Amino acid sequence: MAGVSLQQLVKRFPDGSTAVSGLSLDVKDGEFVVLVGPSGCGKTTALRMIAGLETPSSGRVIIGDDDVTDLPPGRRDVAMVFQNYALYPHFSVRENIAFPLRMRRTPAAETARLVAEVAESLGIDAHLDKRPGELSGGQRQRVALARALVRQPAVFLFDEPLSNLDAQVRATTRAELVRLHRRLGTTMIYVTHDQVEALSMAQRVAVMHQGRLEQCAAPLEIYRTPSTLFTARFVGSPSINCLTGHVAVHGNRQQFVGPVTMDVVSPALADATLAFRPEHVHLSVEPTPLQGMVTLVEPLGAETIVHVRLTSGADVTVRLGGGAVVEVGSTVHLTIDSAHALVFDGTGRLAGKGRA
Ligand code: ATP
């Protein structure tokens, strides 16, 4: 078991593109960290540098107490699971799982015991004598996981391992992985572009943007107190509401002024964005200072998403309970829960919050 420390990692490709530009991140021993970000933000390249499949242009990779920057993949004690499970089609499931142990010349009895153990823990023990072609996508991905697990590496690296699976199998495999992590306590670094996957699985979420670390924190902190507008917009569905305006200071009163006005705790800002999540807007029939017209209603079963155009012309998304009845075209009155509103400055940094 070992922690992983990335120190100022940079990766420039020969064509001049920079995939990772100064990434520093400390993953604690036994921690489950998810690297998340939009396509092309450099997360796969970062993971490949940890695995040793890509050489950093500069910076160091430390695993446990060892600087492994210049070591080949085979000497790093890491196992990587990819999106494409790359199983050997002519081998049985048993032989596929046993493969890394065979390479290490593990004695046959020990191999049989380890394979049986890991196959049982992943619920694929009934399929050991089948070929990969006879399995479903979810089962195949579990064989790939089993093959990584059986090596008992110090660190697991996952690159979008569930993205080929359908939504239901994906959700169950996600939960299984989290349980597996709890049981094994091995350091896991998991790459995905799916913010739901990131928030639901990680102990800490590392949000990447244009080759840099945007923020690394516990899922709820990322959701509730994003340090940048980029992170605020990247997590949460439907997206956080963003209204642009400025923050005016009159004596000891600070006010966001834009499509809505709200008392805030913030320095004066010529350019500001007021951001608040759809669940922090409430609709009422009683008049409030904020009025709008319903443009779209999405009844999703457990919740209803309502889109409202304010009289100022700005659009606001509202999350209501499942049974909410709202008519398109009706006039509604809104209240924004200022205790949960955030203020970002013109550079997209968190600068303040709504006054509770
Ligand atoms: P995705 O979710 O789409 O896989 P990612 O965040 O994992 O994206 P990377 O695959 O790390 O992103 O790529 C980061 C950037 O580096 C991209 O702009 C990509 O085009 C570029 N890149 C990746 N590999 C190479 C390469 N071998 N040569 C040149 N550029 C590359």
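The values are calculated or read from the model by the stated rules, or taken from the named source; none is laboratory data. Note that this is a predicted model, so its numbers are computed, not measured. Cβ: placed from backbone, ideal geometry, glycine included. Neighbour counts: every protein chain shown. The area values use the complete protein model at the heavy-atom level, side chains included, leaving out ligands, DNA and RNA. Shrake-Rupley method; radii C 1.70, N 1.55, O 1.52, S 1.80 Å.
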Worksheet item: Given the residues V265, V326, V285, V318, which is the only one that is under 26 Å from the mean Cα position of the chain (by Cα) and in contact (Cβ under 8 Å) with a residue 12 or more places away in the chain?
Response: V318
Worksheet item: Restricting attention to the stretch 305-356, which residues are assigned to a loop (DSSP other than H, G, I, E, B) and of a type in the set (D, E)?
Response: E327, D337
Item to complete: Test A146 against the stated conditions and say whether it is away from the ligand (no atom under 16 Å from the Cβ) and surrounded by fewer than 23 Cβ atoms within 10 Å (Cβ to Cβ).
Response: no
Worksheet item: Can you tell which of S39, S17 is of a type in the set (G, A, S) and touching a residue at least 24 places away in the same chain (Cβ under 8 Å)?
Response: S39
Fill in: Number of the exception - A275 against (1) out of contact with any Pro (no Cβ under 9 Å at 6 or more places or on another chain); (2) open to solvent by less than 10 Å² (accessible area, probe 1.4 Å)
(1)
Item to complete: Would you check if there is a residue in the stretch 144-163 being farther than 30 Å from V20 by Cβ and in a helix (DSSP H, G or I)?
Response: yes
Worksheet item: Would it be correct to say that C242 is of a type outside the set (A, V, I, L, M), more than 16 Å from the ligand (Cβ to nearest atom) and assigned to a strand (DSSP E or B)?
Response: yes
Worksheet item: When the stretch 77-86 is examined, which residues are found to be in a loop (DSSP other than H, G, I, E, B), within 16 Å of the ligand (Cβ to nearest atom) and closer than 16 Å to R151 by Cβ?
Response: F82
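Residue-wise test of (1) open to solvent by less than 50 Å² (accessible area, probe 1.4 Å); (2) touching a Gly at 6+ places or on another chain (Cβ under 8 Å).
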{"position": "G42", "(1), (2)": "yes, yes"}
{"position": "L47", "(1), (2)": "yes, no"}
{"position": "L53", "(1), (2)": "no, no"}
{"position": "G59", "(1), (2)": "yes, yes"}
{"position": "R76", "(1), (2)": "yes, yes"}
{"position": "A79", "(1), (2)": "yes, no"}
{"position": "Y85", "(1), (2)": "yes, no"}
Discussion item. Is it the case, given these coordinates, that Q195 is touching a residue at least 60 places away in the same chain (Cβ under 8 Å) and on the phi > 0 side of the Ramachandran plot?
Written reply: no
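Matching residues to (1) open to solvent by less than 40 Å² (accessible area, probe 1.4 Å); (2) in contact with a Leu (Cβ under 7 Å, 6 or more places away or on another chain):
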{"residue": "L229", "(1), (2)": "yes, no"}
{"residue": "V249", "(1), (2)": "no, no"}
{"residue": "G258", "(1), (2)": "yes, yes"}
{"residue": "D263", "(1), (2)": "no, no"}
Practice prompt. From (1) at pLDDT below 95; (2) open to solvent by 50 Å² or more (accessible area, probe 1.4 Å), pick out the condition that doesn't hold for Q8.
Written response: (1)
Worksheet item: What's the number of the condition V33 fails, among (1) surrounded by fewer than 20 Cβ atoms within 10 Å (Cβ to Cβ); (2) in contact (Cβ under 8 Å) with a residue 12 or more places away in the chain?
Response: (1)
Fill in: Top-ranked residue in the stretch 6-62 [being near the ligand (Cβ under 8 Å from one of its atoms) and of a type in the set (K, R); ranked as farthest from F158 (Cα to Cα)]
K11
Fill in: Pick from the stretch 161-207, criterion among the polar types (S, T, N, Q) and within 18 Å of Y85 (Cα to Cα), ranking: surrounded by the most Cβ atoms within 10 Å (Cβ to Cβ)
T192
Worksheet item: If only one of G22, G16, G59, G74 is part of a loop (DSSP other than H, G, I, E, B) and among the small types (G, A, S), which one is it?
Response: G16
